[in-house]
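Values in this text are rule-based calculations from the coordinates and carry no lab data. Note that the structure is a prediction, hence the values are computed from the model and not measured. Here the Cβ positions follow ideal geometry from the backbone for every residue, glycine too, while neighbour counts run over all protein chains shown.
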Amino acid sequence: MKRSSMLLLALLVAGTAGSVQAQTAGAQGDAAAGKKKFYTCTGCHGIAGYRNAYPDYPVPKLAGQNEGYIVNAMNAYKAGERKHPTMRAQAESLSAQDVADIATYLSNVK
């Protein structure tokens, strides 16, 4: 691989890592607090194989999910970038600290 190609690849990898870190760096999550805050979510997201009644779709199990992914998804629901009325209402009720706590908890659950 050419030196310039290797340098470009290294910059892209470093930039991606910095972007993910910047997105989750806003608040440090507390897993114990996140466990308590996630309790109301378990009715849908804590049941393996759960399907919503209407419209009919599977609800993802979130245990073990990547912390940054959860933060980004919740922020997208909150901003209306992801379309789901129930999730938007839930996300709008959460502070950045709440989201960080929940994401930290879920990323550590196996």
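See the values below:
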| quantity | calculated |
| --- | --- |
| Distance (nanometres) between label positions extended 7 Å along Cα→Cβ at Glu92 and Ala63 | 3.1 nm |
| Radius ratio Rg over Rh of segment 27-108, counting only Cα atoms, Kirkwood formula for Rh | 0.95 |
| Counted charge near Gln97, where neighbours are those whose Cβ lies closer than 10 Å (Asp, Glu -1; Lys, Arg +1) | -2 |
| Ala27 paired with Tyr50, simple spin-label distance in nm, labels 7 Å along Cα-to-beta-carbon | 2.2 nm |
